[in-house]
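Read through the structure below, which is laid out as structure tokens, and then see the notes.
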Amino acid sequence: MIKKILIANRGEIACRVMRTCQRLGIKTVAVYSEADAEALFVEIADEAYPIGPAAARESYLVAEKILDVAKRSGADAVHPGYGFLSENEEFAEACEKAGVIFIGPPPAAILAMGGKSEAKALMEKAKVPLVPGYHGDKQEEKFLADEAAKIGFPVLIKASAGGGGKGMRVVENAGQFSEQLQGAKREAKASFGDDHVLIEKYLVNPRHVEIQVFADKFGNTVYLFERDCSIQRRHQKVLEEAPAPGLSEATRKKMGEAAVAAAKAIGYVGAGTVEFLLDASENFYFMEMNTRLQVEHPVTEYITGLDLVEQQIRAAEGHKLPFTQADLKINGHAMEVRLYAEDPANNFLPGAGQIKYLRFPTESDAVRIDTGVREAPFGDGDTISIHYDPMIAKIIAWGKDRDAAIANLKGALDQTLVTGPKTNLVFLRRLLESPDFKAGKVNTSFIKNHEAELLPAKQPPSDTAYALAVLGLLNDRDVLPSAQDAGSPWNDLSAWRIAGGDTEVFKFENDGKEAVVTVSSKKGFATPQLTVNGKPVSATFAPAMYDLSFDAKLDGQQYNAVVLHDGRDITLLHDGHYEELNYLDPLAYESSDNETDGKLTAPMPGKVVAVRVQLGDAVKKGQPLVIVEAMKMEHTIISPADGIVEKIHAGVGDQVHEKYELISLK
Ligand code: MV4
């Protein structure tokens, strides 16, 4: 009986595993790096142990440290979450050796699925459909060229040791084969230290459909249906849903049975995912097997009514599956989006820094939020660290069918508000509004093929946005009368008049374009008279009593808006629209541009590619100290004066956010 589980992970998955443990009365142990000392998962754990610096390779990836905490805390089991050590068979092995249950598959099963070619050979034996191709040891060019001709062009050359789309080349015809093969082998050697390649028939615009499997220690294995994860960008999933839109029952059954055969072939135990490519005729081909619980598992939990972490714990304790395949049914439709701190308008550059304001929708039986950061009304939220994946939350919605799930997810996104780092919130909203998406026309090229629709050129803010922003600012001052209390002293709008006149002017500047809004008070009027860029707008206003939003009517049109004001940054959210306005607030403190005075900081988010100095070095003015790679360019930070290197805050390979202090000089 497992009584105490160490969660060898952080963020949303750590919180999520703990939620199930708490429900089952199992004690939880957190391990955390210096960067996570104040994080939500540390706060909700029963016990928490520091395991080292922020860099994952010095904390979450150090098996010895995690096992040391397992011993000290008396944890009976370790849950690895996903990422980090979750698919590391040495770690699984080390847990077993230390007498700690690893909540996952046997190490041998992890090993079997580690290498692409070995996995494919195993699947062939288990009669799991593979993409037509060659994945053997013969690597002579002539032989591979003949194999490619047999398969038929276009073919795909893949690095056997590769994964996640790295080291893949499409070859359109025989003439290109030799050059592409040599390039692929060079790249594979450089990236993975192994130049073995496999050749496959290239499927054009396939769908990514994966089957959730579950097995107990007695070989009982079932499939918990499929997830369609085709909406991806650069092999990073953006939206996942279950079941796969339009998939026939017959194909669902065949894929499920193939996935079960794959799991049985490697003696799988626990939760696993078999990934397939699906072509337009619903032919499916094995891609790879993930021997961990996936990020997107909540959509499967929604349509099966199961708690997969609870099932993992039961299986790890040696219980038999509490259900058979016949017991399992699909109930409704579920959809998940990943809310990221990244900037879609800037090539999805990952963001970081403190979350100033965070509001999530209220959870219900149709909306679920899995997050590792706290909702913090009025600022002082958690910080998105540069050291880890910049995911803020997973927003998951269920509906009786796909349209209902989309509607519920849209509603949830309308109530989600994040300020501080830039996020992909508006991008996700546009995705759900896309007609092709709503029609279920999804495949792995969807985002690429819909870029114009999903990433339109930035529009200047609308006049409505400026009018709502000003009403929001006045609302902050609590001086706007609500239409219902006409005649109250608040109707005398003069309370907020400035400069003696009875008109106030608000100036904004966005992308070089200025906007002017005036608000004038007419004695006894409950409705302020607005002009936006000179155009009069009739406005009535009613503050909501319980949350930050307010209702307003502009020229007869009804709106519900939230306006957040932080210095010059105005964030406006209204009816699913999201605007960031630059308010020339006459009272705002001019933040000095050189606020990084005296510190040597990163000029923008990026990766440290070189550190030219050691601690204690004497450096001269102008001497190169650190090189940061950002947006495919290298930025050399040079010393501003003669000095001694006192501290080095980042090492080669570290991701750093803008203004991150890299080096301290004395
Ligand atoms: C393919 C393919 C087309 N034909 N194999 C990309 C990463 C790895 N998981 C396998 N991938 C692909 N393999 C053949 N024979 C297209 C992809 C692919 C892809 C697959 C799943 C999800 C997203 C993708 C995005 C681009 C390419």
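Listing for the model above:
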quantity	calculated
Point-to-point label distance, Leu584-Glu140, nm (Cα→Cβ direction, 7 Å offset)	7.6
Within segment 332-457: Cβ-based charge dipole about Cα centre, in debye rounded to nearest 20 (Lys, Arg +1; Asp, Glu -1)	140
Rounded percent of accessible protein surface that carbon and sulfur make up, the chain, 1.4 Å probe	52
Sequence-separation-based contact order of the chain, relative, with Cα cut under 8 Å and 6+ spacing, percent	8
Those lysines that a straight Cα-Cα span of less than 25 Å connects to Lys127, excepting residues fewer than 8 apart in one chain	Lys116, Lys138, Lys150, Lys158, Lys201, Lys217, Lys253, Lys254, Lys264
Share of Cα-Cα pairs in segment 368-471 lying beyond 22 Å, as whole percent	46
For segment 638-646, 3J(HN,Hα) per residue [Karplus equation, 6.51 cos²θ - 1.76 cosθ + 1.60, θ = phi - 60°, Hz, x = Gly/Pro]	9, 6, x, 6, 5, x, 10, 6, 9
Dipole of the chain [Lys/Arg +1, Asp/Glu -1 at C-beta], most positive-end residue of Pro605, Thr444, Ala145	Ala145
Qualifying GluC sites (Glu not before Pro) for segment 396-454 [loop in DSSP, other Cβ within 10 Å: at most 15]	none
For Lys185, net neighbour charge (Lys/Arg +1, Asp/Glu -1) across residues whose Cβ lies under 12 Å away	-2
Order of exposure, largest accessible area first, which applies to Asp463, Asp511 with probe 1.4 Å	Asp511, Asp463
Computed log₁₀ I(q)/I(0) - Debye formula, equal Cα scatterers, no solvent, the chain, q 0.09 Å⁻¹	-0.90
Separation of the Gln22 and Ala98 label points, Cα + 7 Å toward Cβ, nm	2.5
Lys, Arg +1 and Asp, Glu -1 on Cβ, resulting dipole of the chain about Cα centre, debye, nearest 20	1180
Between segment 68-93 and segment 151-191, the Cα center-to-center distance that results, in Å	36
Antiparallel DSSP beta bridges within segment 63-218, percent to nearest 5	85
Segments 344-350, 362-368, 91-97 sorted - mean Cβ within 10 Å per residue, highest first	91-97, 344-350, 362-368
Solvent accessible area, Å² - Ile330, 1.4 Å probe, full protein context	60
Residue among Ile44, Gly25, Val62 farthest towards the positive dipole end of segment 5-70, charges placed on Cβ	Gly25
Reachable lysines, given that their alpha-carbon falls under 24 Å from the alpha-carbon of Lys553 and they are not under 8 places away in the same chain	Lys410, Lys507, Lys522, Lys523, Lys535
Accessible area in square angstrom per residue, the chain, 1.4 angstrom probe	44
Dipole of segment 332-457, positive end: most advanced residue of Gly372, Ala334, Pro350 [Cβ charges, Cα centre]	Ala334
GluC sites (Glu not before Pro) lying in DSSP loop within segment 101-195, provided at most 10 other Cβ fall within 10 Å	Glu140
Pairwise FRET efficiency - Glu451 versus Gln558, Cβ, R0 = 41 Å, nearest 0.05	0.80
Relative packing of 82-89, 639-646, which averages over residues the other C-beta atoms within 10 Å, highest first	82-89, 639-646
Summed side-chain charge close to Asp617 - residues other than Asp617 whose Cβ falls under 13 Å, Lys, Arg +1, Asp, Glu -1	+2
Base-10 log of normalised Debye intensity for segment 228-275 (one unit scatterer per alpha-carbon) at q = 0.14, 0.19 Å⁻¹	-0.46, -0.78
Residue-span extension gain [Glu634 to Glu514] - 0.36 nm each, minus C-alpha spacing	39.8 nm
Segment 216-364 - Kirkwood radius from inverse mean 1/r over Cα pairs (Å)	17.3
Heavy-atom SASA rank of Lys237, Lys422, Lys666, Lys166 (probe 1.4 Å, accessible area, largest first)	Lys666, Lys166, Lys422, Lys237
P(r) histogram, all alpha-carbon pairs of segment 96-147 included - 5 Å bins from 0, percent	4, 15, 19, 17, 15, 11, 7, 6, 4, 2, 0
Check: segment 272-342 dipole with +1 on Lys, Arg Cβ and -1 on Asp, Glu Cβ, in debye	260
Residue pairs, from the table Lys65/Lys166; Lys422/Lys599; Lys120/Lys400; Lys189/Lys607; Lys356/Lys448, whose Cα atoms sit over 26 Å apart	Lys65/Lys166; Lys120/Lys400; Lys356/Lys448
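The values are calculated or read from the model by the stated rules, or taken from the named source; none is laboratory data. Values in this document were obtained by computation on a predicted structure and should not be read as measured data. As a convention, Cβ positions derive from the backbone with ideal geometry for all residues, glycine included, and neighbour counts pool all protein chains shown. The accessibility values were calculated without ligands, DNA or RNA, using every heavy atom of the protein model including side chains. Shrake-Rupley method; radii C 1.70, N 1.55, O 1.52, S 1.80 Å.
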